[in-house]
1. Step by step: first the residues of the stretch 305-352, then only those that are in a loop (DSSP other than H, G, I, E, B) and among the hydroxyl-bearing types (Ser, Thr, Tyr), then the one that is nearest to the chain's Cα centre (by Cα). Which residue is that?
2. Got a sec? Which strands (runs of 3 or more DSSP E) wholly within the stretch 51-162 have at least 2 residues that are within 23 Å of Tyr191 (Cα to Cα), touching a residue at least 24 places away in the same chain (Cβ under 8 Å) and in contact with a strand residue (DSSP E or B) (Cβ under 9 Å, 6 or more places away or on another chain)?
3. Have a look at Asn186, Asn207, Asn255, Asn250 and point out the one that is over 21 Å from the mean Cα position of the chain (by Cα), under 28 Å from Asn49 (Cα atoms) and not β-branched (Val, Ile, Thr).
4. Could you identify the single residue in Arg129, Arg95 that is closer than 22 Å to Tyr241 by Cβ, charged (D, E, K, R) and surrounded by 17 or more Cβ atoms within 10 Å (Cβ to Cβ)?
5. So, in the stretch 78-92, how many residues would count as being away from ligand 2 (no atom under 15 Å from the Cβ), open to solvent by 30 Å² or more (accessible area, probe 1.4 Å) and within 24 Å of Glu237 (Cα to Cα)?
6. If Phe196 satisfies all but one of (1) farther than 30 Å from Pro28 by Cα; (2) open to solvent by 10 Å² or more (accessible area, probe 1.4 Å), what's the number of the condition it fails?
7. Any idea how many residues of the stretch 183-230 are touching a Gly at 6+ places or on another chain (Cβ under 6 Å) and not aromatic (Phe, Trp, Tyr)?
8. Would you mind finding the one in Ala52, Ala56, Ala44 that is open to solvent by 40 Å² or more (accessible area, probe 1.4 Å), over 26 Å from Asp181 (Cβ atoms) and of a type in the set (A, V, I, L, M, F, W, C)?
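The values are calculated or read from the model by the stated rules, or taken from the named source; none is laboratory data. For clarity, every value in this text was computed on a predicted model and none was experimentally measured. Using ideal geometry, Cβ is built from the backbone for each residue, glycine included, and neighbour counts are taken over all protein chains shown. Note: accessible area is taken over every heavy atom of the protein model, side chains too, but ligands, DNA and RNA are not part of it. Shrake-Rupley method; radii C 1.70, N 1.55, O 1.52, S 1.80 Å.
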Amino acid sequence: MPKTTKRHIAVTGGAGFIGSNLLLHLVPNHPDSLYVNIDCLTYAGNLANLQAIENADNYVFEKIDICDYNALKECFDHHGIDSVIHLAAESHVDRSITGPAEFVASNINGTFNLLELARVAHEQSREFRFHQVSTDEVFGSLGATGYFTEESRYRPNSPYSASKAAADHLVRAYHKTYGLDTVTTNCSNNYGPYQFPEKLLPLMIRNATTGKQLPVYGDGRQVRDWLYVEDHCEALELVFYEGETGETYNIGGHNEIENIELVRMLCRTLDDLLGGGPRENLIEFVKDRPGHDRRYAIDPGYIKKKLGWVPRYTFEQGLRLTIQWYLDHEEWLEGCLSGEYRRYYEMNYGKR
Ligand code: NAD
Ligand code: DAU
């Protein structure tokens, strides 16, 4: 990416799980960059996550749906946006099975709108970098061995992964056809603070601490490759500021684990920390997710070789930190479930 002293970066989806962690990391670390958080605050967006930076000089929030081209254009013009880190998306696979329409709208059409704005800037010879934040799920399912690399074929199996794959292809096409400066990252399963409690880890933590059943899909032998969200954020920072144009980078920490084993580890850790249990008795095998991918595993060799990225947290460290965070933030968790977190926007931004 060409070096300019001050960048004006639109971070879409900045109120979500990864977006919040990313902004909390970037805003204090890059006082020379302006970060414009563009988020329409779906159920997954929570501005209370960003309290620590909401008054920073280099941070602004804009409540905009990326499906609204005109609103995006006005915002880009107003803030002189010269780059996008694109995270906004419908992100939950189960929801994409019961209601795929929003996934097509936000993940495909929303990405298209952002790319069109980037193309206009590029064609006016303005510098513009577009970072597409994507997932390993675009590669489909692995057998018992092997890894996803940057050369793996796209074989998405859920409406969610198909919509992300379509968006990745558009990004690729805008680089090849128009010469837009793009980078794409495909990351494995993230875990850590601020994850909406529909996802496996926060859901299981909440259920296990409140004596509810722990619903494990199918036989629980599906494998996911877990990465602590802070490690993902550091990789995103590196790729955005230093990645080579047109490149894609796979991000993962070599932490493959079967779902059932992860849930058991979680139960044992909670028994350790809180006493009582054994919480493993709460595990219940339930009907499998349709089209459930069996195994994901990332080969992160390329990003390590090219940009020197390696994760800093072991799985044991990250899991302990995560569990402790949810135990210390029971109010945050309960607010998500009751819908109380929505009041934060009204209270702090409602009158603007
Ligand atoms: P999330 O669901 O927690 O957050 C998504 C955010 O996007 C929310 O704040 C939501 O309000 C916003 N959003 C959704 N639709 C929007 C729209 N039309 N306009 C404006 N804002 C909108 O998701 P997450 O887990 O933080 O994931 C962020 C990105 O990273 C997604 O693109 C996802 O595909 C990708 N990703 C996630 C993981 C993971 O494990 N969570 C792994 C790899 C890649
Ligand atoms: O791999 C990256 C992807 O990871 C991201 O692109 C997605 O946005 C993110 O949601 C995540 O997708 P998964 O489907 O892997 O995450 P989820 O937390 O929904 O499920 C993790 C695994 O646990 C999966 O194999 C399904 C299983 N599961 C999930 C839930 C919610 C259960 O067994 N029981 C559950 O209740």
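1. Among residues in the stretch 305-352 that are in a loop (DSSP other than H, G, I, E, B) and among the hydroxyl-bearing types (Ser, Thr, Tyr), the one nearest to the chain's Cα centre (by Cα) is Tyr313.
2. Of the strands (runs of 3 or more DSSP E) lying wholly inside the stretch 51-162, those with at least 2 residues that are within 23 Å of Tyr191 (Cα to Cα), touching a residue at least 24 places away in the same chain (Cβ under 8 Å) and in contact with a strand residue (DSSP E or B) (Cβ under 9 Å, 6 or more places away or on another chain) span 83-86, 129-135.
3. The conditions single out Asn207.
4. Checking each option against the conditions leaves just Arg129.
5. The number of residues fulfilling the criteria is 1.
6. If we test Phe196 against (1) farther than 30 Å from Pro28 by Cα; (2) open to solvent by 10 Å² or more (accessible area, probe 1.4 Å), just (1) comes out false.
7. Qualifying residue count, the stretch 183-230: 5.
8. Going through Ala52, Ala56, Ala44 in turn, the sole match is Ala52.
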